[in-house]
1. In segment 378-414, which residue that is part of a strand (DSSP E or B) and basic (Lys, Arg) is surrounded by the most Cβ atoms within 10 Å (Cβ to Cβ)?
2. If we scan segment 307-325, do we find a residue that is among the aromatic types (Phe, Trp, Tyr), under 30 Å from GLY350 (Cβ atoms) and in a loop (DSSP other than H, G, I, E, B)?
3. Just to verify a result, which residue in segment 153-182, among those that are exposed (fewer than 14 other Cβ atoms within 10 Å of the Cβ) and at pLDDT below 80, is nearest to LEU107 (Cα to Cα)?
4. Of the conditions (1) buried (at least 19 other Cβ atoms within 10 Å of the Cβ); (2) among the β-branched types (Val, Ile, Thr); (3) at pLDDT 80 or above, THR477 clears all except one; give me its number.
5. Mind checking which residues of segment 218-249 are modelled with pLDDT under 90 and on the phi > 0 side of the Ramachandran plot?
6. Looking only at residues that are in contact with a strand residue (DSSP E or B) (Cβ under 6 Å, 6 or more places away or on another chain) and surrounded by 20 or more Cβ atoms within 10 Å (Cβ to Cβ) in segment 358-372, which one is nearest to VAL398 (Cα to Cα)?
7. Would you point out the residue of segment 250-273, among those that are modelled with pLDDT under 85 and in contact with a Leu (Cβ under 6 Å, 6 or more places away or on another chain), that is surrounded by the fewest Cβ atoms within 10 Å (Cβ to Cβ)?
Amino acid sequence: ERHTQTLQCSNTTLDKVLVSLRIFGTFLNQTLQPKHVDIRDSHVPQLPFFLSQFNQSLESFRLVRSATEYIFPDAFAELALTVLDLSENSLYSIPYAVGTLKSLQVLNLSSNAISLLRPGPVFMNLNQLKVLDLSNNLLGVDRHDVPDPKSLRGNKELLTRLAPNITVQEFSLEPVADNLHLLFLNGNHLATVPEQLYKRIFPRLLVLNLDDNILTNLPEFSSALLPELKNFTVKRNFLQLVPFYSLPVTAETADLRDNPIRCDCAALWLQEWNTQMPTGQGSLTLPPCASPEAFRGRSLSSITAEALCWHGNQTRLFRYIVRDFEKHALLALTSLDSSISVTWSVSNPGLKWVLLYRKESSSPYQMTPHPQAKEKPRTTADEAVFTDIITDLEPDTVYVVCAGIRQEPPRVPYIMDAKRCQKARTKVQIPPQVTTSVVSVHLQVTPPQPYTKKAKTILLSMKKSTQSVTLRWRVETMPKQYRRSVRARVTEDAALPKEWVILVRKFGSQNFTEIRISDSSGESRSNSTYSYTVPNLHASTAYDVCLIAMDSVLEDNVSSISGYAKHVPDHLISSKTDNQTMTCKEMLTEDEEQAVLIKTIAIVTTVSSTTTAVVVALLCCCCPR
């Protein structure tokens with residue numbers, strides 16, 4: 001086709017294609033160089049290197065329905081293709097030759113026999129890839145049961161051996177995941193969603209297609225991991241239950257048609273989400289109810305919340321808001337065996353804020369409101385920070401904690417933002433015989449960490465309020481007299497301290513309360529600063545507050561507050577030192593009537609010049625807002 005500068009071949013063989021290209025080559029000039037080569041319905045079992053004469057002009061290459069099983073590693077050498085279509089062939093893996101196409105933007109490998117996407121060099125240079133079509137392959141087949149993918153051809157029995165989970169060693173889109181816009185995985189015999197799709201961020205993904213698989217359940221697709229997703233489709237699967245807010249609520253359209261959805265309380269959140277979709281800007285498409293019998297054939301939107309959850313016998317108490325909820329954040333959740341201390345902030349303290357919680361195994365619509373703390377919030381011009389302690393909890397149990405707003409009748413009494421709720425597990429209750437004289441009976445003794453003199457922890461400040469004390473410290477690598485290599489600097493960062501212990505006791509008491517703090521983010525750097533607030537203290541009361549650096553040297557830089565150094569309790573001594581000390585300060589909490597002005601609030605966060613890392617404080621992450 002001269003007007004499109006396309007060379008088309010069909011119902012032919014590779015030998016005939018090569019002869020035709022040689023003939024065309026003698027007539028082609030610079031103005032008629034082809035931009036597209038399209039070979040269809042032919043017999044090309046192997047594709048060698050033969051397109052070099054078009055390396056300056058060729059933009060797309062299509063080899064479709066041509067029984068292709070093997071592509072030579074240099075088949076696309078020196079080409080600058082933006083579109084490659086190898087659909088409806090017999091490829092068992094992604095050809096190595098694809099990795100040479102640095103300008104590739106669209107890759108179509110649909111309707112082949114690909115069963116693995118192992119981590120490797122194939123995607124390493126495809127930094128411009130935006131569209132990846134892997135539909136109608138065999139990514140869901142269990143390769144442990146079927147080690148040879150060629151044996152799948154025509155064997156329906158083997159096609160039923162499905163993988164119970166698909167790890168990143170079996171499905172990896174690194175590093176193209178950072179730039180992908182459209183990903184098609186429909187028709188892949190998937191009984192489970194590949195782990196990478198819900199554990200790794202896809203910052204630019206707009207479309208995710210999981211239609212025509214064998215999914216009976218979905219993982220939690222966090223909106224934080226799919227921030228730009230616009231279209232999510234999972235039609236024609238076997239979903240009866242869609243876990244609570246497991247779909248990315250950033251999606252403008254979500255399609256769940258042709259699934260046997262059960263309409264009960266577990267589906268109420270779908271109804272909530274659908275009613276909050278902006279008119280004309282998006283939609284959630286649901287199938288008719290398949291069960292229970294009373295609701296079969298009805299649309300979910302036609303059933304009231306009271307009928308779905310309580311058979312009409314109870315008034316609805318809780319509702320989740322998807323969009324435009326008041327700004328707030330759970331900053332830190334600190335767990336003991338029967339309590340969770342929650343530090344949280346709100347931007348509008350004039351509203352009737354309240355903490356709500358439940359067991360993870362309980363219904364999201366059976367929350368328990370927590371009474372407001374007596375301590376006044378710490379306020380700045382932008383936010384108010386509260387500290388509450390939820391008590392009487394069961395040990396070793398996961399709880400979900402949310403910040404909500406209490407409303408007046410006739411509105412639903414409590415509203416929450418499901419995306420900002422957090423989980424925390426209470427500690428295992430330790431029998432009395434494993435506690436020590438200096439550790440609260442509620443706290444677990446764990447093995448000490450290696451001690452290093454390659455880094456140090458510097459205590460910067462201790463600040464008191466009516467019912468809390470806030471400690472700040474910085475970590476630094478020890479100075480070297482020689483020039484460090486890049487590898488040495490990386491090693492030093494890896495050796496930075498990551499675990500500390502705070503001990504607190506009233507004057508006159510022999511028992512310390514032990515609070516373990518660790519940075520599990522993996523992002524700490526030299527000169528990172530940490531802060532932690534010890535809550536639930538008594539006003540106008542004297543305390544000993546001690547800091548222990550479990551895996552580094554400790555330096556006291558707070559000479560303005562009287563204190564002392566003493567030996568670390570035996571059970572906390574690091575394994576590589578016999579002379580470890582802790583720094584203790586004598587703190588008197590403020591009187592309840594004294595106003596406290598805090599200019600800067602940084603609770604359980606770590607800040608450096610280049611990064612914001614996350615601190616786990618017994619042990620919960622602080623999510624940035």
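1. First pass over segment 378-414, keeping only residues part of a strand (DSSP E or B): 378-379, 384-390, 398-406, 414.
Right, trim to basic (Lys, Arg) and you get 378, 406.
Working: ARG378: 22, ARG406: 15.
Filtering first and then ranking leaves ARG378.
2. At the first step, the residues of segment 307-325 found to be among the aromatic types (Phe, Trp, Tyr) are 310, 318, 320, 325.
Then keep just the ones that are under 30 Å from GLY350 (Cβ atoms); that gives 318, 320, 325.
Filter once more, keeping what is in a loop (DSSP other than H, G, I, E, B): 325.
Scanning segment 307-325 turns up at least one residue that is among the aromatic types (Phe, Trp, Tyr), under 30 Å from GLY350 (Cβ atoms) and in a loop (DSSP other than H, G, I, E, B).
3. ARG153
4. (3)
5. TYR245
6. This residue is MET367.
7. Narrowing segment 250-273 to residues modelled with pLDDT under 85: 250-252.
Narrowing further to those that are in contact with a Leu (Cβ under 6 Å, 6 or more places away or on another chain): 250-251.
Values: THR250: 18, ALA251: 24.
Checked segment 250-273; the qualifying residue surrounded by the fewest Cβ atoms within 10 Å (Cβ to Cβ) is THR250.
Yes/no matrix, rows are residues, columns are (1) modelled with pLDDT under 80; (2) in contact with a strand residue (DSSP E or B) (Cβ under 6 Å, 6 or more places away or on another chain):
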| site | (1), (2) |
| --- | --- |
| VAL439 | yes, yes |
| LEU443 | yes, yes |
| LEU460 | no, yes |
| THR466 | no, no |
| ARG484 | yes, no |
| ALA488 | yes, no |
| LEU503 | no, yes |
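The values are calculated or read from the model by the stated rules, or taken from the named source; none is laboratory data. A quick note: this is a predicted structure, and the numbers were derived from the prediction, not measured. A quick note on method: Cβ atoms are made from the backbone with ideal geometry, for glycine too, and the neighbour counts reach across all protein chains shown.
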